[in-house]
Amino acid sequence: MLEAKRRKGLTAHTVVPINRARPLHEEVVDRLRDMIIEGELEIGERLHETSLSETLNVSRTPIREAVKLLATEGLVELLPGRGARVSALSPEGVVELFEVISGLERLAAELAAVRMHARDLDRLKRLHDKMSAHFEAGERHEYFALNHSIHMAIVAAAKNTTLVNTHSALMAKARRGRYTALASDLRWKEAMAEHEALMDAFAKRNGKLAGDILFEHDRRTGETTREILKSAKPSRAG
């Protein structure tokens with residue numbers, strides 16, 4: 001499957017060699033995660049170490065370690081004695097996951113609005129402006145990367161280590177669902193408008209408003225993802 005996509009030129013990132021300026025294992029994990037999240041590796045598709053090592057121009061060892069880590073994030077299903085494949089997303093599981101994340105991020109926004117320093121707010125504004133530019137250009141990959149950074153930065157600005165650690169673990173599992181929601185142009189536009197309103201609430205240091213906006217933002221993303229998954233045809237990859 002992956003080799004066929006490469007011949008057709010359908011993959012956006014897999015033909016780019018790994019950037020050796022970063023630790024190799026980190027780069028391999030990030031690249032494979034993106035390939036799964038953005039659908040370059042489809043649900044049910046087997047992960048062949050040889051093919052992936054050739055694609056990313058690395059040995060099979062970092063591929064093997066990356067697959068194990070991605071399994072802990074719920075992106076990969078390990079098959080005893082038979083390798084691994086991209087795991088499926090459950091519509092019901094997605095809803096449950098976003099119910100929890102929406103509650104955590106509501107609390108984070110409420111705390112961040114009053115606890116964040118001016119430099120934190122300035123950084124959020126810069127990230128938001130860059131994300132907005134990618135939205136206007138229709139650049140989903142770049143938009144999503146900044147969107148993820150913004151959500152993580154908001155939680156970090158809450159200055160609560162327990163909250164940060166709990167949220168981080170769940171976001172690793174939610175990233176594919178959040179990217180799936182971007183397949184809906186309507187939801188993408190709504191999400192961008194919600195982020196605009198969120199930044200305005202932060203600028204006013206209105207914690208309750210910021211929390212309410214982010215709560216509804218997350219719940220809508222979860223609901224959109226559920227509807228997309230329910231309407232999608234089962235994948236025959238594998």
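The values are calculated or read from the model by the stated rules, or taken from the named source; none is laboratory data. Keep in mind that what you see is a predicted model, and the values were worked out from it rather than measured. Neighbour counts are summed over all protein chains in view; Cβ atoms, including those assigned to glycine, are modelled from backbone coordinates with ideal geometry. We work out accessible area using only protein heavy atoms, side chains counted, and drop any ligands, DNA or RNA first. Shrake-Rupley method; radii C 1.70, N 1.55, O 1.52, S 1.80 Å.
Accessible area of residue 68, 1.4 Å probe, to the nearest 10 Å²?
100
Can you compute the label reach from residue 64? Point 7 Å from Cα along the Cβ direction, backbone N cut-off under 20 Å, restricted to segment 72-87.
72-73, 76-86
Using only DSSP helix segments of four residues or longer, with each worth -39500 (n - 2.57), what per-residue ellipticity at 222 nm results for the chain after dividing by its residue count and rounding to 500?
The helix contribution divided over the chain gives -23500 deg cm²/dmol.
Please find, in a Gaussian network model of the chain (springs between Cα atoms separated by less than 10 Å), the residue of 176, 115, 22 whose mean-square fluctuation is greatest.
22
Output needed: percent of Cα pairs per 5 Å distance bin for the chain, bins running from 0 to the one holding the longest distance.
Percent of pairs per bin, in order: 1, 6, 13, 17, 18, 16, 13, 9, 5, 2, 0, 0.
For segment 82-218, what size does the Cα cloud have along each of its three principal axes, sorted from largest down, in whole Å?
The Cα atoms of segment 82-218 stretch 52, 36, 23 Å along their principal axes.
Starting from the amide H of residue 159, placed 1.01 Å from N in the peptide plane, find each other amide H under 5 Å away whose residue is 5 or more places distant or on another chain.
Long-range HN contacts for residue 159: none found.
Using DSSP H assignments, which helices in the chain have an axial alpha-carbon span of 15 Å or above and a mean Kyte-Doolittle hydropathy of 1.0 or higher?
Helix filter hits for the chain: none.
Leaving out ligands, DNA and RNA, what percent of the accessible area of segment 83-135 is carbon and sulfur, probe 1.4 Å?
That share works out to 54 percent.
Of 221, 184, 211, which is farthest on the positive side of the dipole of segment 182-230, counting Cα position, with +1 on Lys and Arg Cβ, -1 on Asp and Glu Cβ, and the Cα centre as origin?
Result: 211, furthest along the dipole toward the positive end.
On a 31 Å Cα-Cα criterion, which of the cross-link pairs 68/208; 130/208; 68/230; 130/173; 125/208; 173/208 come out too long?
Beyond 31 Å between Cα atoms: 68/208.
Efficiency by 1/(1 + (r/R0)^6): what FRET value for residue 183 and residue 57, r their Cβ-Cβ distance, R0 = 35 Å, to the nearest 0.05?
After rounding, the FRET efficiency stands at 0.75.
Please list the non-local residues whose amide H lies under 5 Å from the amide H of residue 76, H modeled 1.01 Å from N, same-chain partners needing a gap of 5 or more.
Placed amide hydrogens put 71, 87 under 5 Å from residue 76.
Can you give the Kirkwood hydrodynamic radius of segment 66-125 from its Cα pairs, in Å with one decimal?
14.6
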